[in-house]
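Values in this text are rule-based calculations from the coordinates and carry no lab data. In this text, all values refer to a predicted model and were calculated from it rather than measured experimentally. Cβ sites come from the backbone with ideal geometry, for glycine too, and all protein chains shown count toward neighbours.
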Amino acid sequence: MSLPPHLRRRHLLLGASALLVGARANAQTASTTASPAGVTTWPTIEQAARGRTVYWNAWGGSEQTNTYIQWVAERVQGLHGIRLQHVKVSDTADVVKRVRAEKAAGRGPGQGTVDLVWINGENFAAMKREGLLFGPWAEQLPNFRLVDVQGKPTVRNDFSVPTDGFESPWGMAQFTLFADARRLPQRPQSMAALLELARAQPGRITYPRLPDFHGTTFAKQALVELAPDRSALAKPATEAAFATQTAPLWRFLDALRPHLWRGGRQFPQNAAAVRQMMADGELLLALTFNPNEAANEIAAGRLADTTVSWQFEQGTIGNTHFVAIPYNAPQPAAAQVVANALLAPEAQARKADITHWGDPTVLDLQRLSASERKLFDTGARPGLVERPAPTLPEPHASWVEPIEREWLRRYGS
């Protein structure tokens, strides 16, 4: 699953007694080695973090996710004396609005209400553009050296927006489909093939209504496959580029619509509804942004163990989700320590384990010790993607809103 989020800004001057104001004054850039004047070392940041409370605004719509965050809270309490409070949100855009309002009200460094936020995509782009983020800090975390920056380029590029150290990667996501192999022995390997399947099996395919995240992802996958110039999607959307690049998308969706569930007159509200209809046999396939979701559902007894997952042979869009620190976070030092803890091999392995969450890791396993790599070896599980496909980059974040708006105009009534 991949889920909502986006962020960034500044530097903390920690002096002897300023450890209390610690995470307040002028933002601080974490460093594992001696740093220029005014910038502290990692041990000093850890010292400033001890005994602090971190308010982590993170999506709270999944029991597995909430349980994992509680485990993280217990871990950072034991290791660092940090009290981690999970502030459950349903839409990260609300967090962006709050920080924006705080800036408009003149609430400077140390005077905000959010220490850490789970974020990516258009939310990050907005916070970066508007100067709402603390940093840069992420690539100076001690555990960032374990991140797979070569094999997973999206850990430094969020919806075609460079992260520039203002957010720390936390997990991976990639558009994935799943189905019961008994009902769908031949799986479509492209959006064009999906259209042919829908024509052959009318009423047995659908996708969530936009602006649901998974519905938008479905539309973006079609856009990436069909756009005349894919490179144009990496740039901010303009009216002319939007008209040219999305024309094949609307032709595809127009052709698909009459063959969808209920003739395309209605769309499910979310991916969970699509998954349930697939499990009940009403639909042939479901979609997710978490490659491990089907395996998770099989393990929980909610899907048959004959369920298989796949990604299109030529690739599917993927991204990374991150954590970021607002410019006015009350405890930026402690927030950095939490972000570093999220990158620890033990934490990433637990998150990748489908018995706990099943969210793919951002780490390069070859950078880990043999004992650390073993933490990720949970064996073959039913429902896992057997042949992962290439990850296609997300369109620039600025494409999301106009796609959703135009989709609603065409198909939303």
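Annotation for region 296-310 versus region 145-198: alpha-carbon center distance of 19 Å. The residue among Phe134, Val95, Thr67 whose Cα reaches farthest toward the positive pole of the charge dipole of region 52-151, with charges on the beta-carbon of Lys, Arg, Asp and Glu, is Phe134.
In the chain, Rg over Rh equals 0.99, where Rg is the alpha-carbon radius of gyration and Rh the Kirkwood radius from pairwise Cα distances. Taking only the alpha carbons of region 263-357, we obtain Rg and Dmax values of 18.0, 53 Å in that order.
Once the mean of 1/r is taken over each pair of separate Cα atoms and inverted, region 41-182 shows a Kirkwood hydrodynamic radius of 17.0 Å.
Cross-link reach is defined here as a Cα-Cα straight distance under 17 Å, omitting same-chain residues fewer than 8 places apart; for Lys97 the aspartates and glutamates meeting it are Asp115, Glu122, Glu130, Glu401. Quarter the surface of the alpha carbon convex hull of region 288-333 and you get the mean projected area, 6.0 square nanometres. When the Cα atoms of region 96-255 are aligned to their principal axes, the ranges along those axes come out at 59, 38, 28 Å in descending order.
Where does the longest stretch of the chain lie that holds no GluC sites (Glu not before Pro) found in a DSSP loop with 15 or fewer other Cβ atoms within 10 Å? Between exposed loop sites, the widest span is 131-281. The charge dipole of the chain, taken about the Cα centre with unit charges on the Cβ atoms of Lys, Arg (+1) and Asp, Glu (-1), comes to about 560 debye, rounded to the nearest 20.
Among the trypsin sites (Lys or Arg not before Pro) within region 60-142, those in coil by DSSP and having at most 16 neighbouring Cβ atoms inside 10 Å are Arg107.
Roughly how many whole Å is it from the C-alpha centroid of region 383-402 to that of region 245-281? Going from one Cα centre to the other spans 18 Å. Summing Cβ point charges (Lys, Arg +1; Asp, Glu -1) relative to the Cα centre of region 40-117 gives a dipole of roughly 260 debye.
Backbone geometry of region 299-313 corresponds, through the Karplus equation with coefficients 6.51, -1.76 and 1.60 at θ = phi - 60°, to 3J(HN,Hα) couplings of 4, 7, x, 9, 10, 5, 6, 8, 6, 10, 10, 7, 10, 4, 4 Hz, x marking Gly and Pro.
DSSP assigns beta bridges within the chain; of those with both partners inside it, close to 65 percent run antiparallel. Remark: relative contact order (region 178-323) = 39 percent; criterion is Cα-Cα distance under 8 angstrom and separation of 6 or more residues. By definition, a body whose alpha carbon gyration tensor gives a ≥ b ≥ c is prolate when a/c is 1.5 or more and a/b is larger than b/c, and region 243-287 fits this prolate description. Placing unit charges on the Cβ atoms of the charged side chains and taking the dipole of the chain about its Cα centre, the candidate lying farthest along the positive direction among Pro330, Ala349, Val385 is Pro330.
For the chain, the longest principal axis of the Cα atoms and the long axis of helix 191-200 meet at an angle of about 40 degrees. One way to sum up the overall shape of region 278-413 is the equivalent ellipsoid from its Cα gyration tensor, whose semi-axes run 29, 26, 15 Å, largest first. Per residue, the average separation of C-alpha pairs within less than 8 Å and at least 6 apart gives region 275-337 a relative contact order of 20 percent.
Computed over the chain, relative contact order equals 27 percent, with contacts defined as Cα pairs under 8 Å that lie 6+ residues apart.
Think of each Lys and Arg Cβ as +1 and each Asp and Glu Cβ as -1; about the Cα centre, that makes the dipole of region 246-313 roughly 340 debye. Net charge of the neighbourhood of Leu146, taken over other residues with C-beta under 10 Å away and scored Lys/Arg +1, Asp/Glu -1, is -1. Residues Thr244, Thr216, Thr40, arranged from fewest to most other Cβ atoms within 10 angstrom of their Cβ, appear as Thr244, Thr216, Thr40.
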